[in-house]
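Here's the structure, in structure tokens; my notes come after.
Since every read-out is calculated from the coordinates, none of them should be taken as a lab result. As the structure is a computational prediction, the values presented were derived from the model and not from experiment. Note that each Cβ is placed from the backbone with ideal geometry, even for glycine, and that neighbours are counted across all protein chains shown.
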Amino acid sequence: MAGKLERVLVEARACQLCAAALPHGCRPVLRASASARLLIVGQAPGRRVHETGIPWNDPSGDRLRAWLQIERDLFYDVSRISIVPMGFCYPGTDEAGADRPPRPECAPAWHPRLMPLLKGRRLTLLVGSYAQAFYLGDRRAVAMTETVRHFADYLPEFLPLPHPSWRNTAWIKRNPWFERELLPELRERVREALGR
């Protein structure tokens, strides 16, 4: 199984499916192993991640690690944590300077090939509305806030989260239940999934 996963990862990292639509070119950024017990499904790499090739290597990643209460070394231990975004490549920015959404071709092309090979998965974090739409489908609420607020409805397989972008600081302040109720549950579930 590990050999098959490695073959799919090699293919995914060489993907050119969206090349014509990517202003900064293709540089798929993902990490996965069959032994990893935690899977993080985010949106798409930002500019800094595109430049370094390291997922969540930016202020959003710092905030996500703080939410999880795990250190950087563990976060990047691919034998324990897989990171497979909805879009593997940096989609560029829109006219307002915000990152564009993940390319719609990516997840349907690659996630069905990768997910069956991630046999160790105990918990999947769905970070942001694109991951929640793809994995929860009709089970999710109309608004991302309500999906995240009703996180217990998707356990034990999935745990939906808002994107940890600093742009969401106001959202966190408007929704105090997130830090009061969801973060303690998130940390406990992550500890259990990782066998800590």
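Hey, can you tell me all the residues within segment 10-25 that are surrounded by fewer than 19 Cβ atoms within 10 Å (Cβ to Cβ) and either more than 17 Å from the chain's Cα centre (by Cα) or of a type in the set (A, V, I, L, M) (or both)?
Across segment 10-25, the qualifying residues are V10, E11, A14, C15, Q16, L17, A19, A20, A21, P23, H24, G25.
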Is at least one residue of segment 152-164 in contact with a helix residue (DSSP H, G or I) (Cβ under 6 Å, 6 or more places away or on another chain) and charged (D, E, K, R)?
no
With respect to the numbered conditions (1) surrounded by fewer than 16 Cβ atoms within 10 Å (Cβ to Cβ); (2) within 13 Å of the chain's Cα centre (by Cα), which one is the sole condition not fulfilled by Q69?
(2)
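Take the residues of segment 34-49 that are under 15 Å from the mean Cα position of the chain (by Cα) and farther than 14 Å from L126 by Cα: which is surrounded by the most Cβ atoms within 10 Å (Cβ to Cβ)?
P45
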Strands (runs of 3 or more DSSP E) contained entirely in segment 71-172, each with at least 2 residues that are in contact with a Ser or Thr (Cβ under 7 Å, 6 or more places away or on another chain):
158-161
Failed criterion for V142 (all others in (1) β-branched (V, I, T); (2) touching a strand residue (DSSP E or B) at 6+ places or on another chain (Cβ under 6 Å); (3) loosely packed, with under 13 Cβ neighbours inside 10 Å hold)
(2)
Would you confirm whether any residue within segment 55-64 is without any contact (Cβ under 8 Å) to a residue 40 or more places away in the chain and hydroxyl-bearing (S, T, Y)?
no
When R196 is run through (1) part of a helix (DSSP H, G or I); (2) over 15 Å from the mean Cα position of the chain (by Cα), the failure sits at (1)
Quick one: in segment 153-175, which of the residues that are touching a Phe, Trp or Tyr at 6+ places or on another chain (Cβ under 7 Å) and not aromatic (F, W, Y) is surrounded by the fewest Cβ atoms within 10 Å (Cβ to Cβ)?
I172
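Working carefully through the options R121, R80, R149, find the one that is under 23 Å from T52 (Cα atoms) and either of a type in the set (K, R) or touching a helix residue (DSSP H, G or I) at 6+ places or on another chain (Cβ under 9 Å) (or both). Break it down stepwise before answering.
Working: R121 fails: under 23 Å from T52 (Cα atoms); R149 fails: under 23 Å from T52 (Cα atoms).
Only one candidate passes the filter, namely R80.
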Hits in segment 108-155 (condition: touching a residue at least 24 places away in the same chain (Cβ under 8 Å), over 14 Å from M86 (Cβ atoms) and hydrophobic (A, V, I, L, M, F, W, C))
L117, L118, L123, V148, F151, A152, L155
